[in-house]
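A short write-up of the structure that comes next.
The values are calculated or read from the model by the stated rules, or taken from the named source; none is laboratory data. Owing to the predicted nature of the structure, the values given are computational and were not obtained by experimental measurement. Neighbour counts are summed over all protein chains in view; Cβ atoms, including those assigned to glycine, are modelled from backbone coordinates with ideal geometry. Surface areas here come from the heavy atoms of the whole protein model, side chains and all, with no ligands, DNA or RNA. Shrake-Rupley method; radii C 1.70, N 1.55, O 1.52, S 1.80 Å.
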Amino acid sequence: MNTVAIVGRPNVGKSTLFNRLTESRRAIVDDMSGVTRDRIYGEAEWNGTKFRLIDTGGYVKKTDDIFEIEIKKQVEIAISEAQLILFMLDVTTGITNLDAEMATILRKSKKPIFVVVNKVDNYERGLAATEFYSLGFENLFMLSSVSGSGTGEMLDEVIQKLPDDFSAAENELPKFCLLGRPNVGKSSLLNALLGEERTIVSPIAGTTRDSIHTHYNLYGKECILIDTAGIRKKTKVHEDLEFYSVIRSIKAIDESDVCMVMIDAQLGIEQQDLNIVKQVEQKKKGLVIIVNKWDLIEKGNNTHIEFEEKIKQKIAPFTDVPIIFISATEKIRISKIMETCLQVYENKNRKITTSKLNDVIEKAVEATQPPSHRGHLIKIKYSTQITAQVPTFALFCNYPKEIKEAYRNYLERKIREAFDFKGVPVYLYFREK
C-alpha cells in the first residue's frame, strides 16, 4: 500500500489532519506542542484509492531535548518510508526559521512534496497563504484541518501522484499488542523485534502516548504489532493526555488477537499487571506473558521455575499461559516471542471436530462422574464447539444449572490436555438437552 507522511514543525495541526483523513481519533490532539512523539500509522481512502498515512512528531532541528532529538529521527524515517510527503505549515505564523530549514531538507528528497497551508478558513488568510509559494515547491494547498475545507482538492492530487502498483488491499493479518505498566520496556522490545527505531525509547515513563501500529514481516512471520502507552492505575492518571493514552491502550486490546503483557522482572507481577491480564481475558484475547529485564536478576538453580509459579498462582485459574523470560535491551530470547504469539493465534482459532470432542468428554465423565443433584445423576449427553472469538463449547445435559464450578474446571482441564489451547481462554456452556 502507498504511504503518505505528514511532516512539519510542532503544533501546526498535523494530528488534526491525520484524524480527519483517516476518519478516526488515532492521534492525540492537544494545544500543547510536541504531543505526537512516535510515527502513527492509519489508513485513508479517497475515491476508491486506499493509502497508508503517517502522522509524525513536530520536527525540531537543533535541540538538546531528548524527545525532540528522537522526534527528528522519527520524521526522517517517515520521509524515507513515504511515497509522497505533505509538508504542513501554519498560515497564522507565516514562514518561520524552522519551516525554512525543513523546506531545505525536503528539497533534497526526490519524492513529491505537497505544501499544505493549514488554518486557512477565511478570505484574508487565503491571501496571506500566498506567501508560502516563496518556499519554491510546485504543489501548494490551502485548507483547514479542523473544518475539512480544502482537503478534497488536496486528496484529488494526492491519489493522482501515488504509484499505481500499490493499489492492492492488504491481507487481514493477525494483530499482536504490547501491554504493561509505563517504562516496563514495551518500546524497547518493539524496536528490538523490528531491528529499527520504530518508537522513541527513554528512561522517562510515559514516553509513548499513542498506540503505534507496525507491519512486521521478518523470518517468514507476518503480523501487525501494536505498541501501547503504559496503563497506570486510575488514581495516577492526572494529565488529560495520559488519560487519552490509557483509553487508546484499552482500545488496542479490543482490536488485537493476542496480547503480550510485559512484566518487570525486578518488580515481579503486581496488582496493575493482574488487572491488565484480567482485562485481556475478559475481552477474550490470546495471552502471552513476557518477563523483561531478566538479565538484571540474580539467578539460582530454580529461579526461573519459582518466578513462573508465582505468576501462575496470581493469575489463577487461567494458568495455561506461555511465559517468556527476556531482555529487550540485550535481545535475549526475543526471537521466541513472535513464534509463541503466532502459536497462540493458531490456538485461538483452532476448531475441534464434534466426534473428537465427544470422545474426550465421555472419557472425562467416565473417569470422574459429576456430583448428583438431589439423588439424580447428571448426564452429559452431547458436546460441540460453537462459533465465538475464542474456543467455546456447548455441553448438553439434563441439569445444566447444577454443574458446579469445580467440575466445570475439571472438564476444561481435560479439554486443554487433549487439544492445544495454551494462551487462550476456554469457555464451557452447559445447556439443557
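Can you give the accessible area per residue of region 83-169, in Å², using a 1.4 Å probe?
51 Å²
Once fully extended, how much extra length lies between residue 405 and residue 284, figured as 0.36 nm per residue of separation less the alpha-carbon to alpha-carbon distance?
41.6 nm is the gain from fully extending residue 405 to residue 284.
Quote to one decimal, in nm, the extra length available between residue 93 and residue 354 on full extension: 0.36 nm per residue of separation minus the C-alpha distance between them.
In short, 87.1 nm is gained.
Which of the lysines could be linked to residue 50 by a straight reach, that is with a Cα gap under 28 Å, when you skip same-chain ones fewer than 8 residues away?
14, 72, 73, 108, 110, 111, 119, 161, 175, 221, 251
How many nm is it between the label spots at residue 388 and residue 298, if each spot is 7 Å from the Cα in line with the beta carbon?
4.7 nm
Hey, with R₀ at 22 Å, roughly what FRET efficiency would residue 366 and residue 396 work out to, going by the Cβ-Cβ distance, to 0.05?
So the FRET efficiency works out to roughly 0.80.
With a sphere of radius 14 Å drawn around the Cβ of residue 295, what net charge do the other residues whose Cβ falls strictly inside it have (Lys, Arg +1; Asp, Glu -1)?
Summing Lys and Arg as +1 and Asp and Glu as -1 gives +1.
How much length is gained on full extension from residue 11 to residue 222, taking 0.36 nm per residue of separation minus their Cα-Cα distance?
72.5 nm
Can you give the local net charge around residue 90? Use residues other than it whose beta-carbon is closer than 10 angstrom to its beta-carbon, Lys and Arg +1, Asp and Glu -1.
Overall, the nearby charge balance is +1.
Mind checking which lysines have their Cα closer than 17 Å to the Cα of residue 331? Skip sequence neighbours fewer than 8 apart in that chain.
Answer for residue 331, where 17 Å is the Cα cut-off: 186, 293, listed by chain and number.
What FRET efficiency do you get for residue 149 and residue 310 if R0 is 51 Å and r is their Cβ-Cβ distance, rounded to the nearest 0.05?
0.30
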